[in-house]
Amino acid sequence: MVNIEIEYQGDLHCKATHGPSGTELSTDAPRDNQGRGESFSPTDLVATALGSCMLTIMGIAARTQNIDITGATAEVGKEMTATQPRRIQRLTVKIHVPHPLGDADKEKLERAARACPVHKSLHPDVEMPLEFVWG
């Protein structure tokens, strides 16, 4: 189990500390929800978690198969619902792998991305279109 401690610092700001490493990050409410947008919002972190998880799981698969995906990137667009309750409606993910790969390797990596724990943990009502750009 990993523990993360979160402290509310006032004015819609929180500081989170990752127990194992001591690394800290800050959050702020977004401008469209009473915040100043000075840092990641909690829902921005969900989008960040999805993209980084997909790349990480692809990296594990790539390492296992001796495939180079160094420099791969993920861009995640987050859309919130316009009506209550406020929630994430859509996380659009675009993954770019800058190296030419064969179809079999592409398929392995795409399957790995779709199997990431964050993707599997999000509610099925959250739309998650996924696009890959190769080479």
Check whether at least one residue in segment 33-47 is surrounded by 12 or more Cβ atoms within 10 Å (Cβ to Cβ) and in contact (Cβ under 8 Å) with a residue 60 or more places away in the chain, and report yes or no.
yes
How many residues does segment 48-72 contain that are open to solvent by less than 50 Å² (accessible area, probe 1.4 Å) and either among the β-branched types (V, I, T) or free of Cβ contacts under 8 Å to residues at least 24 places away in the same chain (or both)?
4
Do we find a residue being within 24 Å of M128 (Cα to Cα) and open to solvent by less than 30 Å² (accessible area, probe 1.4 Å) anywhere in segment 19-27?
yes
With out of contact with any Pro (no Cβ under 6 Å at 6 or more places or on another chain), under 19 Å from M128 (Cβ atoms) and of a type in the set (K, R) as the only criterion, which of K78, K15 stands out?
K78
In this structure, is L55 modelled with pLDDT of 95 or more and either among the charged types (D, E, K, R) or not in a helix (DSSP H, G or I) (or both)?
no
Assess whether T92 counts as being touching a Pro at 6+ places or on another chain (Cβ under 9 Å), surrounded by 14 or more Cβ atoms within 10 Å (Cβ to Cβ), of a type in the set (S, T, N, Q) and closer than 21 Å to C53 by Cα.
yes
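The values are calculated or read from the model by the stated rules, or taken from the named source; none is laboratory data. Everything numeric in this text was worked out from a predicted model, so none of it was measured. Counting neighbours? That spans all protein chains shown, and the Cβs are built from the backbone with ideal geometry, glycine included. Protein only, heavy atoms only, side chains kept; ligands, DNA and RNA dropped before computing areas. Shrake-Rupley method; radii C 1.70, N 1.55, O 1.52, S 1.80 Å.
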